[in-house]
1. Which of the following residues is over 19 Å from E77 (Cα atoms), modelled with pLDDT of 95 or more and of a type outside the set (K, R): A60, A54?
2. For a quick check of your reading of the model, give me the residue pairs whose first member lies in segment 88-101 and is basic (K, R), whose second is in a helix (DSSP H, G or I) and at pLDDT 75 or above, with beta-carbon atoms closer than 6 Å and at least 6 apart or on different chains.
3. What is the residue count in segment 29-47 for residues that are among the hydrophobic types (A, V, I, L, M, F, W, C) and modelled with pLDDT under 95?
4. Is at least one residue of segment 64-77 of a type in the set (A, V, I, L, M) and surrounded by 18 or more Cβ atoms within 10 Å (Cβ to Cβ)?
5. Is one or more of the residues making up segment 51-68 among the small types (G, A, S) and touching a residue at least 40 places away in the same chain (Cβ under 8 Å)?
6. Specify the residue that is nearest to V52 (Cα to Cα); the eligible residues are those in segment 73-92 that are assigned to a helix (DSSP H, G or I) and of a type in the set (S, T, N, Q).
Amino acid sequence: MTTADILERAQQALLTRGWTQGTYGFDDGAPVCIAGAVMHVCGGFSLAALRVIAVLGETAGVRHVPTWNDTPGRTPEQVLDLFDRAIARAHQEEAAAIHTAVEVA
């Protein structure tokens, strides 16, 4: 799976299960936080999950995504907007990497 694929599936998990703060939401069917949604898609804590969470942090301009997620006053709309922006960014970076690979070949 690409970064964009994981982000899209994690966003869908948020839409399906609901969003939460203060917990990852590992219980089956429970609402998930941003990191919990990513780890749900990746099958747990993994390098792929860390990479995708880093992309979300870079997109949000923060170092610690769970703190951003848990900020009082944070809204589900802000979370979904972050995913939209991170997905667009991932698609752009993946397209650029393919373009570069084609030029090198």
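The values are calculated or read from the model by the stated rules, or taken from the named source; none is laboratory data. Treat the numbers as computed from the prediction; the structure is a model and nothing was measured. All Cβ positions, even for glycine, are placed from backbone atoms using ideal geometry, and neighbour counts span all protein chains on display.
1. Details: A60 fails: over 19 Å from E77 (Cα atoms).
Just one listed residue meets the conditions, A54.
2. Qualifying pairs under 6 Å: R89/T59.
3. 2
4. Checking segment 64-77: at least one residue is of a type in the set (A, V, I, L, M) and surrounded by 18 or more Cβ atoms within 10 Å (Cβ to Cβ).
5. Looking for residues that are among the small types (G, A, S) and touching a residue at least 40 places away in the same chain (Cβ under 8 Å), one finds none in segment 51-68, hence no.
6. Q92
The rows are residues; the columns are (1) modelled with pLDDT of 95 or more; (2) under 10 Å from the mean Cα position of the chain (by Cα).
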| site | (1), (2) |
| --- | --- |
| W19 | yes, no |
| D27 | no, no |
| A49 | yes, yes |
| R89 | yes, no |
